[in-house]
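Read the figures in this text as sums done on the coordinates, not as results from a lab. The shown structure was predicted, so the numbers you read here are calculated from the model rather than taken from an experiment. Every residue, glycine as well, gets a Cβ built from its backbone with ideal geometry; the counts of neighbours run over all protein chains shown.
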Amino acid sequence: MALQELGAEVRRLRESTDPAAIGLPPGGRRARGVRREELAELAGVSADHVRRLEQGRRHPSAAVVNAIARALRVGPAQYERLCALAGYAPADGRVPREAGPGALRLLERVPGTPAFLTDAAWNVVAVNGAWMALGAGAANRQPRDWNVAWRTFSRAHREIRRDDEEAAVFRATLAARLHSTALRYPADEPLAELVDELRTTSRSFDTLWRAPKAVARFETRAVFGHPGVGDIALDGSLLEVPGDRLQAVLLTPAPGSVHEGRLAEVVRAGSGSAVIRVGHPGPG
């Protein structure tokens, strides 16, 4: 089944690739996309090899997968999918950490909603002004203060509180998603160091890591203690940003609640940039 899926994916990518985009002449074509023979020449394999691969009758080497990805100039997410279907780790094996313009605009367009972007290892890469106004992420008292998993399992920030049930679900979600990330990026040394540190310093993380729980969706409620207005209860939702392979967390109060009014007051009093990039992964 995996070979059939891999073959179908290679064929789909070949047929959906604009020949001109990869340096091939666009004219004189009966079918859409790149010809099988053209892909074979660009990837340095035989046309029969490509045909058998697309038919699910050949398992390619990692080098062939990389060559096909380069020939078709596929994006990072498509490359990862090809590698996964073929049973290989991506060539670089590193967690993508760069936020593109579209992802940053997402933060700009919700100025009244605390929001931040993280990579797949839960390193915060950018925040908006509303998040900074809460006062929950400005100080960097420890090297990993900008990593959500670290600050959750180390219990470093007392200004963010959850009840026992919410805390348990949130920790399980973080551990499960981090476990999945480690499988996808086995060569990422900072990620491996983070996991080792968490397993050494947090018994609850180590337990969840050894038996990760399936998580259907990300939802969390947290109470932010603000020195000016008091507690602000916010519900967190996670949005995937597939193009950059990042994730955005947005925090909203219940409509019409006292928390909505307190958040609005805090955001109005805030100042500074609409979006702030975190200087580097992990530490702030």
| query | In deg cm²/dmol, rounded to 500, what helix-only [θ] at 222 nm does the chain give when every DSSP H run of at least 4 residues adds -39500 (n - 2.57) and the total is split over its residues? | reply | -13500 deg cm²/dmol
| Which value, in nm² and rounded to one decimal, describes the direction-averaged projected area of the C-alpha convex hull of region 22-150? | 11.6
| message | Using square roots of five times the C-alpha gyration tensor eigenvalues, list the equivalent-ellipsoid semi-axes of the chain in whole Å, biggest first. | response | 43, 22, 15
| remark: So, over other residues within a Cβ distance under 11 Å of residue 221, counting Lys, Arg +1 and Asp, Glu -1, the net charge is -3
| Tell me, in nm to one decimal, what length is gained between residue 211 and residue 231 on full extension, where the rule is 0.36 nm per residue of separation less the Cα-Cα distance? | 3.8 nm
| request: Using a 10 angstrom cutoff on alpha carbons, build the Gaussian network for the chain and name the most mobile of 71, 115, 214. | output: 214
| field | Efficiency of FRET from Cβ geometry, residue 265 and residue 88, R₀ 45 Å, rounded to 0.05 | value | 0.30
| Residue-span extension gain [residue 51 to residue 161] - 0.36 nm each, minus C-alpha spacing | 33.9 nm
